[in-house]
Structure formats: C-alpha cells, structure tokens
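The values are calculated or read from the model by the stated rules, or taken from the named source; none is laboratory data. This structure is a prediction, so every number in the text was calculated from the model and none was measured. Positions of Cβ are generated from backbone atoms using ideal geometry, with glycine treated the same way; all protein chains shown enter the neighbour counts.
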Amino acid sequence: MIWKPHVTVAAIIERDGKFLLVEEETDEGIRFNQPAGHLECEEALTDAVVREALEETGYAFLPRFLVGVYNWRHPDKDITYLRFAFGGEITGHDPGRQLDAGIIGPRWLTFDEVRACAGQHRSPLILRCIEDWQAGKRYPLELITHYA
C-alpha cells in the first residue's frame, strides 16, 4: 500500500474581533473547524479554499495570504493531513445557500471562545492556525505555484 497524506485547505477569517468557524457533525460528535476541506483533482489550492468556505458557510472568501502549512497525523486514525491555511477577507454572503451535508452552520467566535471550546475542535490545527494569524504570519500567495 502506498502512503499519501490528505491535502486540505482552511480559511482563517477574522472580522470585528471574531473568527469564522464551522460547527459540524462528525464521527466523534459535534465539532468545530475552520471552513476547510480536501483539495480536489486538478484544483488550485486557492480555488479549493474559496470553494470550501462557500460550501460550508455561504460566505464568499478571497484569500490574500498563506498563513502556514501544517503536517498533522491524527492520533487515532491512520491518516496524515497536510493543511494549507489561508487568510483573507469576506466579499459576500448568501444566507440562503444550502450548506454541505453535516454542517450545522457558521459560527463567529472570539479568540477566547475558540480557545475555551478547544476540546470540541476537529483537530489541534484550528487553534494553531488562529494563533499563527494573530502572530502576524502572512506569506504572499506567490509562494504557491499551481502548474497546470
């Protein structure tokens, strides 16, 4: 069997001192995550994060920065995630949009609220990505090349 990581993208969105998270149903129960998901075949990373944010929250997202690249192995599963986290801004909202299956809804939380619910995070990357954003980690999107 060939090992390969699951490549994912995540949107780090802050507005008025609150961060946009997604409350969702998982195999482990109700959890919080950033708007995030898997990269699809032939998709650019920035296109993937725009798509995932819209599908999971109804918010149109414009990535402006790469916040970081994270390699995390789930301790209870034989899965390694390679996450590309992007910071950016909201450019629109469709509150009537049908969200992805399993999504309860978007939630705006302060940093203290995000930290307080860490036990309900889908992974430790949620808090780490926000901490990196708050630490000013912002790398130019030109760092990533989508070679089609």
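Is there a residue in the range 74-84 that is buried (at least 20 other Cβ atoms within 10 Å of the Cβ), of a type outside the set (V, I, T) and closer than 20 Å to L127 by Cβ? Yes, the range 74-84 has at least one match.
Using the structure shown, decide if E89 is surrounded by fewer than 17 Cβ atoms within 10 Å (Cβ to Cβ), in contact with a Lys or Arg (Cβ under 8 Å, 6 or more places away or on another chain) and in a strand (DSSP E or B).
Details: surrounded by fewer than 17 Cβ atoms within 10 Å (Cβ to Cβ): yes; in contact with a Lys or Arg (Cβ under 8 Å, 6 or more places away or on another chain): yes; in a strand (DSSP E or B): yes.
Yes; evaluated as a whole, the condition is true for this residue.
Residues in the range 92-124 that are more than 13 Å from R31 (Cα to Cα), among the aliphatic types (A, V, I, L, M) and crowded, with 16+ Cβ neighbours inside 10 Å: L99, L109. The single condition among (1) under 18 Å from G17 (Cα atoms); (2) in contact (Cβ under 8 Å) with a residue 60 or more places away in the chain; (3) in contact with a helix residue (DSSP H, G or I) (Cβ under 8 Å, 6 or more places away or on another chain); (4) among the charged types (D, E, K, R) that R83 does not satisfy is (1). Applying a threshold of 7 Å to beta carbon distances and a minimum spacing of six or more residues, or different chains, the list of pairs starting in the range 56-78 at a residue that is under 26 Å from E25 (Cα atoms) and ending at one that is assigned to a loop (DSSP other than H, G, I, E, B) and polar (S, T, N, Q) reads W72/S123.
Please verify whether G136 is exposed (fewer than 14 other Cβ atoms within 10 Å of the Cβ) and closer than 12 Å to N33 by Cα, treating the condition exactly as stated. Write out each step before concluding.
Numbers: exposed (fewer than 14 other Cβ atoms within 10 Å of the Cβ): yes; closer than 12 Å to N33 by Cα: no.
Taking the combined requirement at face value, the residue does not satisfy it.
For A101, the stated conditions hold: it is assigned to a loop (DSSP other than H, G, I, E, B), of a type in the set (A, V, I, L, M, F, W, C) and within 17 Å of V22 (Cβ to Cβ).
Within the range 1-53, the set of residues being out of contact with any strand residue (DSSP E or B) (no Cβ under 6 Å at 6 or more places or on another chain), closer than 18 Å to I104 by Cα and outside any strand (DSSP E or B) comprises D27, E28, R51. Listed by first and then second residue, the pairs linking a residue in the range 91-102 that is of a type in the set (A, V, I, L, M) to a residue that is surrounded by fewer than 10 Cβ atoms within 10 Å (Cβ to Cβ) and in a loop (DSSP other than H, G, I, E, B), with Cβ atoms under 9 Å apart and 6 or more places separating them unless they lie on different chains, form an empty list. Residues of the range 22-53 that are crowded, with 20+ Cβ neighbours inside 10 Å and modelled with pLDDT under 95: none at all. E14 meets all of the listed conditions (1) surrounded by 13 or more Cβ atoms within 10 Å (Cβ to Cβ); (2) at pLDDT below 95 but one, namely (2).
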